[in-house]
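Bear in mind these aren't lab numbers, they're just calculated from the coordinates by the rules spelled out. Predicted, not measured: the structure shown is a model, and the values here were computed from it. A quick note on method: Cβ atoms are made from the backbone with ideal geometry, for glycine too, and the neighbour counts reach across all protein chains shown.
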Amino acid sequence: MMNKRVKEEIKKFHNENYKIKFCLGTLSLVWLCLFILIIATFTQIKINFNIPDNGLHSYLKFEYIPQIPVILFIAGLLGETWGLITVLLYIIIGLIPYYPVFALGGGLSYIFQYNFGYIFSYIFAVIITGKQLNKSNNVLNIILSVIYGITLIHVIGIFYLTVIALLRHDSFEFIKNLIYYQSVSKILYDIVFGFIALLIAKGIRKVLWLLIG
């Protein structure tokens with residue numbers, strides 16, 4: 001009887017497109033995800049590649065900040081509505097003086113930073129990713145969710161930093177290098193880690209329905 005009830009509840013949860021209802025458990029998850037997002041902002045993953053070259057070995061070192069995969073994780077775990085609330089809380093807190101939760105500080109003046117466009121794009125990324133995930137639970141749809149979300153983040157981010165750079169009368173070479181550093185060099189990692197993050201989020205969410213569903 002227990003197995004039958006659990007199966008029925010899981011089926012009901014799937015049929016409702018993983019909608020998470022308002023409750024204390026949901027609010028706890030929002031604050032937990034907000035905390036994870038802040039931690040990710042100041043976390044650097046060091047990636048080293050051993051590249052053979054004419055019998056010699058050279059090393060490519062790369063430091064990756066996993067903030068974008070965490071955004072996809074939040075979208076996958078909380079869905080579009082609660083994911084949006086989490087991201088809005090992060091941005092609002094970051095724009096309040098004396099709460100430096102962004103990578104380079106915080107406060108209202110942060111909107112003039114080159115990378116604020118990426119942060120602002122998280123609003124749209126969680127909505128698009130959440131909506132796409134509601135369509136299906138298969139791997140192909142998860143891949144599409146990752147691509148849509150990450151593409152949106154980088155397009156908005158590049159546009160924003162370009163506008164800021166032009167307003168500051170920065171050189172074309174500077175803008176090109178900035179785009180390479182902020183997007184081109186990181187987008188592949190965002191896709192790979194973002195896909196893993198969504199898989200983890202979907203797996204966790206299947207369990208959490210017992211607690212917050």
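Quick notes
- Distance in nm between pseudo-label sites at residue 45 and residue 147 (7 Å out along the Cβ direction from Cα): 2.1
- Computed from label points 7 Å out along Cα-Cβ, the spacing between residue 35 and residue 188 is 3.6 nm.
- Rounded, prolate or oblate (a/c below 1.5 giving rounded, otherwise prolate when a/b exceeds b/c) for the stretch 143-204 by Cα gyration tensor: prolate
- The stretch 68-213: relative contact order in percent, alpha carbon pairs under 8 Å with at least 6 residues between: 33
- Ranked 82, 31, criterion: other C-beta atoms within 10 Å, fewest first: 31, 82
- Greater than 19 Å apart at Cα, pairs in 131/186; 186/206; 131/202: 131/186; 186/206
- Prolate/oblate/rounded label for the stretch 55-139 (Cα gyration tensor, a/c 1.5): oblate
- Taking one quarter of the surface of the convex hull spanned by the alpha-carbon atoms of the stretch 115-161 gives a direction-averaged projected area of 2.7 nm².
- Rounded, prolate or oblate (a/c below 1.5 giving rounded, otherwise prolate when a/b exceeds b/c) for the stretch 87-213 by Cα gyration tensor: oblate
- Packing, as the average of other Cβ atoms within 10 Å across residues, places the peptides 175-181, 165-171 in the order 175-181, 165-171, highest first.
- Between the residues 192, 165, 154, the greatest Cα displacement towards the positive end of the dipole of the stretch 154-213, with unit charges on the Cβ of Lys, Arg, Asp and Glu, is found for 192.
- Proxy reagent accessibility, fewest Cβ within 10 Å first, across 136, 121, 183: 136, 183, 121
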